[in-house]
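Just below is one structure, and these are the notes that go with it.
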């Protein structure tokens with residue numbers, strides 16, 4: 001017999017937090033644009049039943065309330081900046097020892113510092129080792145917690161500064177609930 005585990009994916013009334021979303025990712029489409037708060041839990045958090053969820057929410061009520069308040073009018077944006085191969089895709093052009101590579105990495109780091117200057121908090125992830133044959137290389141991978149009012153300014157910096165260097169390509173994702181900044 002398969003036991004069914006549940007995660008809350010709909011509005012839950014939690015003492016003093018009516019209409020607050022509790023989600024492990026499922027409610028994101030409904031969250032965007034609603035202005036509702038969301039309780040951030042790890043992706044794929046599984047609880048055996050609703051009673052366990054209620055008990056954990058009651059135990060952590062004060063902590064979760066403070067965390068929710070700190071996330072009011074905030075959002076997470078994720079940025080990945082890649083160094084692209086040069087014209088013709090020459091393998092040595094994307095070598096970590098080439099002048100083009102060094103300049104691109106320095107500019108990508110400068111962009112990351114500028115973004116961190118706008119963000120309330122930043123979390124950088126280590127760049128993975130590229131797969132064999134992969135032409136572009138990830139040099140900046142970060143999550144940024146922003147005041148929602150600065151999101152347009154943030155996006156503009158990503159777009160304009162990366163576009164100013166031919167070797168860089170940037171990907172901006174979000175807005176997301178601030179999963180990367182939720183205390184675990």
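The values are calculated or read from the model by the stated rules, or taken from the named source; none is laboratory data. In this text, all values refer to a predicted model and were calculated from it rather than measured experimentally. Here the Cβ is made from the backbone with ideal geometry for all residues, glycine too, and neighbour counts use every protein chain on show.
Computed quantities for the displayed model
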| read-out | value |
| --- | --- |
| Hey, residue 174 in contact (Cβ under 8 Å) with a residue 12 or more places away in the chain, under 18 Å from residue 110 (Cβ atoms), assigned by TED's automatic domain parsing to the domain that holds residue 110 and not in a helix (DSSP H, G or I) or not | no |
| Any hit, segment 121-132, residues being in the same structural domain as residue 168 (by TED's automatic domain parsing), under 20 Å from residue 163 (Cα atoms) and at pLDDT below 90 | no |
| Breaking point among (1) part of a helix (DSSP H, G or I); (2) without any contact (Cβ under 8 Å) to a residue 40 or more places away in the chain, for residue 108 | (2) |
| Segment 84-105: number of residues that are assigned to a helix (DSSP H, G or I), surrounded by 11 or more Cβ atoms within 10 Å (Cβ to Cβ) and modelled with pLDDT of 75 or more | 6 |
| Which listed residue is at positive phi and at pLDDT 60 or above, from 73, 50, 78 | 73 |
